[in-house]
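Take a look at the structure set out below.
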Amino acid sequence: MFFSAAPAAAQVGAAVSILSDDRFRGFSLSDGHPVGTFELSYDSPSGFYAAASGILVESTGDGLHPLGFNLNGGYAATVGRGLTADLGIVHARYSRYSGLRSGLSYTEIYAGISGKMLSSRIYFSPHYLGRGATAYAELNAQVPAGRNFTIEGHTGLFLPFYSYSGDGRSRTRYDWNIGLSRPAGRFIFRAALNGGGPRQEYYGDYSAGHALTFGIDYAL
């Protein structure tokens, strides 16, 4: 997830995305199936922002079903030359059609800082996906690559504060992706290679290994 400086004027936005797979922190929330997302967003001149999105998943031979929704809000402010600090909260809920073993949800608070090409956030959840307290740290990069291409990179570290199994250990995991994006009018075309590990059972059968994903964003 990338974020930028607070806007100088109020902006309302809407976008539609089609993705070959809904990957989240190295896992497939759509069980390897394609998804469609609709998002509404608002950025105020004071630095406050909010966004809401809904996701549909295409199940093989079973049509479209609701996958989940995401609510996000926070405040961003310039803290130095070319730097923006960010504070916020996000809530996500997933249906039984997701790659999770059952419909689950989480709420996270986060803080971060961003520059022209790099951004970083730290998240904390008191009850992540019905399990317990967790933290997640991420580093994101966007590097211009010429001919309107952008190289996009992400790496993240997930730390649960609860015992994952009967051996009394928590299981720290990592995830990463690297890809290319290219705008074309109101469209943005994306491709990325995703990975992470180790597997965690509550994410279902598509919770480990590498995956090549594709997506198209359209700004309304």
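Consider residue 100 carefully, then state whether it is closer than 23 Å to residue 37 by Cα and touching a Lys or Arg at 6+ places or on another chain (Cβ under 9 Å).
Details: closer than 23 Å to residue 37 by Cα: yes; touching a Lys or Arg at 6+ places or on another chain (Cβ under 9 Å): no.
Judged against the criteria, residue 100 is not a match.
Farther than 22 Å from residue 213 by Cα and either within 14 Å of the chain's Cα centre (by Cα) or polar (S, T, N, Q) (or both), is that true of residue 93?
On the way: farther than 22 Å from residue 213 by Cα: yes; either within 14 Å of the chain's Cα centre (by Cα) or polar (S, T, N, Q) (or both): yes.
Here the answer is yes, as residue 93 does meet what is asked.
Contact map, region 43-54: residues that are over 10 Å from residue 76 (Cα atoms) paired with residues that are surrounded by 18 or more Cβ atoms within 10 Å (Cβ to Cβ), Cβ distance under 6 Å, separation 6+ or inter-chain. Pairs shown: 51/72; 53/37; 53/39.
If you go through region 55-65 one residue at a time, do you hit one that is assigned to a strand (DSSP E or B) and in contact (Cβ under 8 Å) with a residue 60 or more places away in the chain? No, there is no match, as no residue in region 55-65 is assigned to a strand (DSSP E or B) and in contact (Cβ under 8 Å) with a residue 60 or more places away in the chain.
The set of residues in region 70-110 that are more than 26 Å from residue 54 (Cβ to Cβ) and not β-branched (Val, Ile, Thr) comprises 77, 80, 81, 82, 83, 85.
A single member of 108, 138 is touching a strand residue (DSSP E or B) at 6+ places or on another chain (Cβ under 9 Å), surrounded by 15 or more Cβ atoms within 10 Å (Cβ to Cβ) and more than 30 Å from residue 59 (Cα to Cα), and it is 138.
Among the residues making up region 160-207, those that are modelled with pLDDT of 85 or more, small (Gly, Ala, Ser) and touching a Leu at 6+ places or on another chain (Cβ under 9 Å) are 179, 191, 192.
The values are calculated or read from the model by the stated rules, or taken from the named source; none is laboratory data. No experiment lies behind these values; they were computed from the predicted model shown. In this analysis, Cβ positions are derived from the backbone assuming ideal geometry, glycine residues included, and neighbour counts consider all displayed protein chains.
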